[in-house]
Amino acid sequence: MFMVPLLAILVGCIAPIDTDDTREGFDIDQDEFGNEVKIVAFNVESGDATAAKTAESVTRVKGESIWALVEVENEQWAQTFALAAADDGQEGFAYIMGTTGWADKIVIAWDDERFELLSSEELHDINVGGTARAPLVAHFRNRTTGTEFLFQANHLWRTEWQNRHEQARLLNDWALTQDLPVVGAGDYNFDWLVTGGDDDHDAGYDYLTEDDVWEWVRPEELIQTQCSTYYGRNVLDFVFVAGEAKTWERSSTVLEDYNSYCAQEDDEQSDHRPIQATFTLP
């Protein structure tokens, strides 16, 4: 059963986190939110971008509830993105930040008025070799419907394919042991070619999805998720579902127009594009 204390993870917030909060004073209207939830995965490229410039992409996304952010340089970056995620630019989004990855940390940011964080953990066993990033998992409850689910943010190995494949196998094993619906998002580095990817992609994808444990929330229009053509015209960033989440109505899309975003060759913005997935929760 998934219940792990928050103490092992760096926790920050724009709106205070209180896991015993009964939300008194929060007048949340079911009609305001409905059952539709938008999540976004975004590699913000620490070291090769600036938080201020990259946050402009975060601000342009409207109506989202949860972010999986990878390559977050430090706490200041996390705060910048949480503020940018809040539509009013001041409050409403909280975040947790993993402890692994040095200047390439993983962050989950969420709308605290809509989702209650029940617990969180880092999956250190899946940080193969102990020199990359441990997946970060948050156990959320929808404050208006009571629906609970796990949200996992990932950034798998790029340079060591053997380690990436082992991570994918371990993520498959982990998902099989979960009782709750699971959404996984982030930079998986699976090199899925935009044209012909069904027959030409990294084997890590096959290890992750083996036995239909995880399913890709595949965009209707498949376009490359990274601006650089160094790795070819392919998909590096994904959203997956496991368990009961596979029964949810869902769709996804790659954000930011290539010509206006990637062609700028702007050294201050991330060379990845955000991926948005929309779910209808039960």
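The values are calculated or read from the model by the stated rules, or taken from the named source; none is laboratory data. None of these values were measured; they are calculated from a predicted model. Positions of Cβ are generated from backbone atoms using ideal geometry, with glycine treated the same way; all protein chains shown enter the neighbour counts.
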(request) May I ask you to verify whether residue 166 is outside any loop (DSSP other than H, G, I, E, B) and within 20 Å of residue 245 (Cβ to Cβ)? (result) no
(request) Considering (1) surrounded by fewer than 14 Cβ atoms within 10 Å (Cβ to Cβ); (2) assigned to a helix (DSSP H, G or I); (3) touching a residue at least 60 places away in the same chain (Cβ under 8 Å), say which one residue 175 fails and leave the rest. (result) (1)
(message) If a residue must be under 14 Å from residue 186 (Cβ atoms) and either assigned to a helix (DSSP H, G or I) or polar (S, T, N, Q) (or both), how many such residues does region 230-282 contain?
(response) 3
(request) Could you pull out the residue among 242, 263 that is among the small types (Gly, Ala, Ser) and modelled with pLDDT of 95 or more? (result) 242
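To keep it simple, each residue is scored yes or no on (1) more than 20 Å from residue 68 (Cα to Cα); (2) surrounded by 21 or more Cβ atoms within 10 Å (Cβ to Cβ); (3) touching a residue at least 24 places away in the same chain (Cβ under 8 Å).
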site	(1), (2), (3)
214	no, yes, yes
232	yes, no, yes
258	yes, no, yes
271	no, no, yes
(message) Checking the conditions here, which among 117, 83, 123 is within 23 Å of residue 215 (Cα to Cα) and touching a strand residue (DSSP E or B) at 6+ places or on another chain (Cβ under 9 Å)?
(response) 123
